[in-house]
Amino acid sequence: MNRKKIALIGGGQIGGVLAQLIAQKALGDVVLFDIVEDMPQGKTLDVAEASRIDQFDVSLKGTNDYKDIAGSDIVIVTAGLPRKPGMSRDDLLTTNAQIMKQVAEGVKENAPNAIVIIISNPLDAMVTLFQKVSGFPHNKVIGQAGVLDSSRFSTFIAWELDLSVKDVNAMVLGGHGDTMVPLTRYANVNGVPVMEMLEKKYGDAAKAKEVMDAMVNRTKMAGGEVVKLLKTGSAFYSPAAAAIQMTESILKDEKRLLPSCVYLDKEYGAGGYYVGVPAVLGENGVERIVEVTLDDEESAAFQNSLNAVRSLVADMERLGF
Ligand code: APR
């Protein structure tokens, strides 16, 4: 059998949607791993029993044994606690770092050639830790944040301009926290700058800026907005959809330019940190990092976000990880 194999570490809310999307898109066989007994087996059985309806032939296996992930092409990690109302992503650091360390050891031992996409929060720190513990090459350990943050920003723009989100191109860079940097100057609708459209809509540059600022702020707080409404967990449909777009680009070698949490050495003057920037994702994982020209204000915002990531990683190191 020549199908791709995708292991999902963490069979909670996001893990379940990931399994369903992979099956529906027939991207490959799924192994869903969780430490909770029977639950991943139950979830995969449930998804598999929709195969006649959704017309897919991929196999789905739930497991509590890391050995079952052997030979995986892609591993997507959602293991860890989600936020509760009032919590920041950074509040999850200690608990999720302990979990991520175990996960990295399990993946290293059982799927040493996989390309890994991390979703667990606090994202930038979790990606850093996974890479450090596993020792996997940097181009094969990637974080999902930017695709989702950019989709959120694009959705708000489409609603504001009352047009199809399919034509909106907007990107969010930086860390996956309140300091993230939605690039307003580059945001466009099939090439037409969003700022220009807002100025025409309101006939007033100051009002247009105010509307854009509100969309930027909503984007930065979008995860928290969902947490506050759900009360028992955090977003799960959209993070899963975002990771699937990255997975598809890698498995099909599409070489899409997707904002991703990637390791930056000299690029963006980051000096050895994982942070969100546009990257070409293909069969080798991160194949290229694209440096966007930033003006002074954008550059300052990016540096501020990078500093937030640096201090999060320093906190994690102080905790002994
Ligand atoms: N190994 C594997 N799985 C684990 C481990 C571990 N050591 N510890 C916990 N888990 C599992 C839990 O049993 C649970 O099923 O991780 C799963 C997490 O699922 P949910 O609690 O439903 O969380 P989810 O909404 O899927 O979010 C997961 O992604 O977006 C981030 O902030 C979010 O960090 C959170 C993660």
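Rule-based calculations on the coordinates, nothing more; no lab input. Everything numeric in this text was worked out from a predicted model, so none of it was measured. Neighbour counts are summed over all protein chains in view; Cβ atoms, including those assigned to glycine, are modelled from backbone coordinates with ideal geometry.
In deg cm²/dmol and to the nearest 500, what is the mean residue ellipticity at 222 nm of the chain if only DSSP H runs of at least 4 residues count, each as -39500 (n - 2.57), divided by the residue total? Write down the numbers at each step before the final one.
On the way: 11 runs with 144 residues, N = 321.
Rounded to the nearest 500, the figure is -14000 deg cm²/dmol.
Student exercise: in the range 5-143, how many lysine pairs 8 or more apart or on different chains have Cα atoms under 14 Å apart?
9
Give me a comma-separated list of calculated 3J(HN,Hα) values for the range 270-280, in order, Karplus coefficients 6.51, -1.76, 1.60 applied at θ = phi - 60°, integers in Hz, x for any Gly or Pro.
6, x, x, 10, 8, 7, x, 8, x, 9, 7
Restricting the count to DSSP beta bridges whose residues both fall in the chain, what percent are antiparallel, rounded to a multiple of 5? Let's see the in-between values first.
Details: 21 of 41 bridges.
Just about 50 percent of them are antiparallel.
Which residue fluctuates most in the GNM of the chain (Cα springs below 10 Å): Thr128, Thr247, Thr94?
In this elastic network of the chain, the residue with the biggest mean-square fluctuation among Thr128, Thr247, Thr94 is Thr94.
In debye, nearest 20: dipole of the chain around its Cα centre with unit charges on the Cβ of K, R (+) and D, E (-)?
Values: 33 positive and 41 negative charges, 62 e Å.
It comes to approximately 300 debye.
Determine, for each peptide in 15-23, 183-191, 46-54, the mean count of other beta carbons within 10 angstrom over its residues, then list the peptides with the highest first.
Values: 15-23: 24.2, 183-191: 16.9, 46-54: 13.4.
My ranking of the peptides, most packed first, is 15-23, 183-191, 46-54.
Can you tell me which of 254-263, 272-281, 57-66 comes out highest on packing, and rank the rest after it, using the mean Cβ neighbours within 10 Å? Write down the numbers at each step before the final one.
Values: 254-263: 22.0, 272-281: 23.7, 57-66: 17.5.
Highest to lowest by the protection proxy: 272-281, 254-263, 57-66.
On the Cα set of the range 146-321, report Rg and Dmax in Å, please.
16.7, 55
Please report the antiparallel percentage of DSSP beta bridges with both residues in the range 55-213, rounded to the nearest 5. Working shown, then result.
Numbers: 6 of 13 bridges.
Rounded to the nearest five, the antiparallel share is 45 percent.
Using a simple charge model, +1 on the beta-carbon of Lys and Arg, -1 on the beta-carbon of Asp and Glu, nothing else, what dipole does the range 1-81 show about its Cα centre, in debye to the nearest 20? Can you show the working numbers first?
Working: 8 positive and 11 negative charges, 60 e Å.
The calculation lands at about 280 debye.
How big is the charge dipole of the range 168-315 about its Cα centre, in debye rounded to the nearest 20, if each Lys and Arg gets +1 on its Cβ and each Asp and Glu gets -1 on its Cβ?
Working: 15 positive and 20 negative charges, 94 e Å.
Rounded to the nearest 20 debye, it is 460 debye.
So what is the relative contact order for the chain, in percent, with contacts set as C-alpha pairs under 8 Å and at least six apart?
Computed value for the chain: 17 percent relative contact order.
Take Leu257 and His138, extend 7 Å from each Cα along the Cα→Cβ direction, and tell me the distance between the two endpoints in nm.
It is 2.1 nm.
If we sort 140-148, 118-126, 154-162, 230-238 on the protection proxy, mean other Cβ atoms within 10 Å, highest first, what's the order? Show your work: numbers first, answer last.
On the way: 140-148: 27.1, 118-126: 29.6, 154-162: 18.0, 230-238: 15.8.
So the order, starting with the most tightly packed, is 118-126, 140-148, 154-162, 230-238.
Scanning the chain for helices, which whole DSSP H stretches are 24 Å or more long along the axis (Cα) and average 1.6 or more by Kyte-Doolittle? Could you put the intermediate results ahead of the total?
On the way: long enough: 93-110 (25 Å, -0.47); 296-318 (32 Å, -0.50).
Helices meeting the criterion: none.
With label points built 7 Å along Cα→Cβ from the Cα atoms of Ala241 and Val292, find their separation and express it in nm.
Calculated label separation equals 2.0 nm.
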